[in-house]
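Peer 1: One structure, pasted below without further comment.
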Amino acid sequence: MNVPARLVHLGDRFAVIAKPAGLSLATPKRAPAGAAERLVAALPADEREALADRELHLVHRLDVSTSGLVLVALDAGMHRELVGAFARRAVTKLYLALVWGRPRPRAGRWEVALAPDRADRRRMRADPQGRPAATEWWTVAAAAHVALVALWPRTGRTHQLRVHLAAAGHPVVGDDLYGGPRHRGVRDRALAAALDPGRSLLHAWRLEVPDLAPSRFEASVPADFRAALAAAGLPLAPAAELWQAPGNFSPGMSK
């Protein structure tokens, strides 16, 4: 992992850290604090020092290949409060994804139940008998081969965004687990190289937690993601005011 983590905000009882792609937040039962410790260890020395000797409680996780915002509570009480906020769905999470193709309609809501894939333990799959999962999406901009999509997960299932996008026919660029063949017919060598980043171009961009002060946080779009957008001729980020989904979406896919 060549890119360090970054301390986005440090409060008295919580920290917000931008996780780089490639850092695992897996939390084995024998080492419940291990993921938070790895995340803090990936910070630059001066930022790491600010969290020295503090309790560390990871509030939520991101996949290994996903970059972006992660909340860390600095005491057990705050951890309970933040986990409760996620459970009540009071937290707004906004992701950016570069996907193959162009989702149609431009915006909508996927309600697709998910379950473990019995044929491959690494994967989840769409399954009507699985656990309910909902994602709202909005296509920010589209190019010849790819589109930049804003995503609001309304539930927190494993691999939810990646599976919903793949099930809709628009897997995340760089997602070898759900994405199928690379390059998707891209003949331009420079563009094909930019669209082969070695990880999923999925980024936890913004986070809003109403009970915190401040309540809104943002993680800069990583360099490899920006390079892919630039190569495709897409804008580097959506409008600054974009936090909530446009609203009143009808289901784009239901299973």
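Peer 1: What ranking do 118-125, 26-33 get when scored by the average of other Cβ atoms within 10 Å per residue, highest first?
Peer 2: 118-125, 26-33
Peer 1: Sequence gap at least 6, Cα distance under 8 Å: using those rules, report the relative contact order of the chain to the nearest whole percent.
Peer 2: 20 percent
Peer 1: I need the calculated FRET efficiency for the pair Ala143 and Ala76, taking r as the beta carbon distance and R₀ as 51 Å, to the nearest 0.05.
Peer 2: Using R0 = 51 Å, I get an efficiency of 0.60.
Peer 1: Would you mind ranking Trp110, Trp243 by Cβ crowding within 10 Å, fewest neighbours first?
Peer 2: With the fewest neighbours first, Trp110, Trp243 line up as Trp243, Trp110.
Peer 1: Right, next: In terms of the Cα gyration tensor, with a ≥ b ≥ c the square roots of its eigenvalues, is segment 30-96 rounded because a/c is under 1.5, prolate because a/b exceeds b/c, or oblate?
Peer 2: oblate
Peer 1: So for Val64, Val59, Val99, fewest C-beta neighbours within 10 Å to most, what's the order?
Peer 2: If I rank by nearby Cβ atoms, fewest first, I get Val64, Val59, Val99.
Peer 1: On a full-extension model of 0.36 nm per residue, what is the gain between Glu241 and Asp176, subtracting their alpha-carbon distance, rounded to one decimal in nm?
Peer 2: Additional length available on full extension: 20.2 nm.
Peer 1: Then there is this: Given the peptides 77-84, 145-152, arrange them by the average over their residues of other C-beta atoms within 10 Å, most packed first.
Peer 2: Peptide ranking by packing, descending: 145-152, 77-84.
Peer 1: Starting with the fewest neighbours, write out Leu242, Leu96, Leu7 ranked by other beta-carbon atoms found within 10 Å of each beta-carbon.
Peer 2: The most exposed by this proxy come first: Leu242, Leu7, Leu96.
Peer 1: So if I place +1 on the C-beta of Lys and Arg and -1 on the C-beta of Asp and Glu, and nothing else carries charge, what would the dipole magnitude of segment 92-255 be about its Cα centre? I want it in debye, nearest 20.
Peer 2: Taking the Cα centre of segment 92-255 as origin, the dipole is about 440 debye.
Peer 1: On a full-extension model of 0.36 nm per residue, what is the gain between Leu10 and Arg131, subtracting their alpha-carbon distance, rounded to one decimal in nm?
Peer 2: Taking 0.36 nm per residue and subtracting the Cα distance, the gain is 40.1 nm.
Peer 1: Still on this model: Calculated FRET efficiency, Asp196 and Arg48, Cβ-Cβ r, R0 41 Å, to nearest 0.05?
Peer 2: E(calc), rounded to 0.05, equals 0.80.
Peer 1: Considering the Cα trace of the chain, what is its radius of gyration and what is Dmax, both in angstroms?
Peer 2: 17.9, 54
Peer 1: Quick one: grab the alpha carbon gyration tensor of segment 129-239, order the square roots of its eigenvalues as a ≥ b ≥ c, and give me rounded if a/c is under 1.5, else prolate or oblate depending on whether a/b is larger than b/c.
Peer 2: Oblate, since a/c reaches 1.5 and b/c is not below a/b.
Peer 1: Further, regarding this structure: Taking H placed 1.01 Å from N in the peptide plane, check which residues at least 5 places from His60 or on another chain put their amide H under 5 Å from its amide H.
Peer 2: Answer set, sorted by chain and number: Leu71.
Taken together, the values in this text are just the output of simple stated rules run on the coordinates, not laboratory data. Being a predicted model, the structure only gives us computed values, none of them experimental. All Cβ positions, even for glycine, are placed from backbone atoms using ideal geometry, and neighbour counts span all protein chains on display.
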